[in-house]
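Novice: Sharing a structure here in structure tokens format.
The values are calculated or read from the model by the stated rules, or taken from the named source; none is laboratory data. Source: prediction; values computed, not measured. Methodologically, a virtual Cβ is constructed for each residue, glycine included, from the backbone with ideal geometry; neighbour enumeration extends over all protein chains shown.
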Amino acid sequence: MTTTEGAGTDRTWLVALAAALWGTDGLLRLGLAEQLPASTVVFWEHLLVVVVLVPLLPSALRALARCGPREWVAVLVIGGGASALATALFTAAFQVGDPVTPLVLQKLQPVFAVLAAWVVLGERTRAGYLLFAVPALAGAWLLAFRDPLDVEIAAAKAALFSVGAAALWAAGTVLGRLVSARLSSRDVTTLRFSVGLPFAGLIVAVQGDTYAVSWDNAWGLALLAFVPGLLALSLYYVGLRSTPAARATLAELAFPVTAAVLGVSFLDATLSPTQWLGLGVVIVAVTGLGWHERVRRKPVVVQPQPAGAAP
């Protein structure tokens, strides 16, 4: 089996733009995380986006009704896990750790995505993949702790939340590919936020947090919902339709680069020498994987897109 490339004009630049918008997430989320519970922030992110997407919801639900139980379960996991719970974990990581670690640890998502794709979609990885996955994991460890040999509880908690979010987002990516055979990208986006909203509300209730926010938080919540949220996700799906996965992986490196630059420049974040080393190792490892896939196409073997997939 060989990797299939998207049809039409290559839009690698659009994937990079979306990833750069994701990189603004920390700049917007940190201030809110200091004032509001993580679950409240996530609830309002979903609510604001759903208000905008609600005209598209009936057609998305009709499309989902034509699918089978596998797609229904996948949409529930995408909305409840990848959208609501993962974002809550990601926000909580900012409350217990520094503003850079959660953003860059999210780059472990490709590692989790490949493993999930192997289980769910039958996509296979070759032994050469470990040459990139092991350094990426080692780099993530260096990045998570100022002193990698002296692990603090707070730092460990932030790293755990961040890695949990990355794993859930990876599951969302794989399941999104699964349902894309029957649903359009627009429908998947609409269902992701719409299904995620009640799950986000449930998380608020379970944790005993508040649904109420002040007008002082309105601007920050709106920017968070529509810039690294709806806008970035919409651009990403449009770009991904006509961008080979290997080039998309390279383009997504705009995310940690933007996040690290903004964190150090505007969020008063500081990194120890080993954390800078870890940042470099993660970027080099993920870049190397993307380059190897593009040039030699050996570490990851991708299943062809099923016939009759939705555009």
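Novice: Do we find that ALA200 is surrounded by fewer than 18 Cβ atoms within 10 Å (Cβ to Cβ) and not in a loop (DSSP other than H, G, I, E, B) in this structure? Give the derivation first.
Specialist: Working: surrounded by fewer than 18 Cβ atoms within 10 Å (Cβ to Cβ): no; not in a loop (DSSP other than H, G, I, E, B): yes.
It is false that ALA200 is surrounded by fewer than 18 Cβ atoms within 10 Å (Cβ to Cβ) and not in a loop (DSSP other than H, G, I, E, B).
Novice: With VAL282, VAL300, VAL286 as the choices, which residue is at pLDDT 75 or above, crowded, with 19+ Cβ neighbours inside 10 Å and either more than 30 Å from ASP187 (Cα to Cα) or aliphatic (A, V, I, L, M) (or both)?
Specialist: Values: VAL300 fails: at pLDDT 75 or above; VAL286 fails: at pLDDT 75 or above.
Of the residues listed, the single one that is at pLDDT 75 or above, crowded, with 19+ Cβ neighbours inside 10 Å and either more than 30 Å from ASP187 (Cα to Cα) or aliphatic (A, V, I, L, M) (or both) is VAL282.
Novice: Does any residue of the range 229-245 turn out to be crowded, with 21+ Cβ neighbours inside 10 Å and not in a helix (DSSP H, G or I)?
Specialist: There is at least one residue in the range 229-245 that is crowded, with 21+ Cβ neighbours inside 10 Å and not in a helix (DSSP H, G or I).
Novice: Looking only at helices (runs of 4 or more DSSP H) that fall completely inside the range 1-108, which ones have 3 or more residues that are modelled with pLDDT of 90 or more and closer than 20 Å to ALA232 by Cβ?
Specialist: Values: elements: 12-22, 25-35, 38-53, 57-65, 69-77, 86-96, 101-105.
Qualifying helices (runs of 4 or more DSSP H): 38-53.
Novice: Can you tell me how many residues within the range 36-66 are surrounded by 20 or more Cβ atoms within 10 Å (Cβ to Cβ) and among the charged types (D, E, K, R)?
Specialist: Total meeting the criteria: 1.
Novice: I want to confirm something. Restricting to the range 171-193 and keeping residues that are part of a helix (DSSP H, G or I) and among the polar types (S, T, N, Q), which single residue is modelled with the lowest pLDDT? Don't jump to the end; show me each part of the working.
Specialist: Taking the range 171-193 and keeping what is part of a helix (DSSP H, G or I), we get 171-179, 185-193.
Still in the list and also among the polar types (S, T, N, Q): 173, 185, 189-190.
Details: THR173: 73, SER185: 80, THR189: 87, THR190: 92.
Per the stated criteria, the residue is THR173.
Novice: It is to be established whether one or more residues within the range 69-85 are free of Cβ contacts under 8 Å to residues at least 40 places away in the same chain, farther than 25 Å from GLY220 by Cα and aliphatic (A, V, I, L, M).
Specialist: Looking only at the range 69-85, we keep the residues that are free of Cβ contacts under 8 Å to residues at least 40 places away in the same chain, and these are 69, 72-73.
Subsequent filtering for residues that are farther than 25 Å from GLY220 by Cα retains 69, 72-73.
From what's left, aliphatic (A, V, I, L, M): 73.
There is at least one residue in the range 69-85 that is free of Cβ contacts under 8 Å to residues at least 40 places away in the same chain, farther than 25 Å from GLY220 by Cα and aliphatic (A, V, I, L, M).
Novice: Of all residues in the range 113-132, which are surrounded by 18 or more Cβ atoms within 10 Å (Cβ to Cβ), at pLDDT below 75 and not hydroxyl-bearing (Ser, Thr, Tyr)?
Specialist: ALA113, VAL114, LEU115, ALA116, ALA117, GLU123, listed by residue number.
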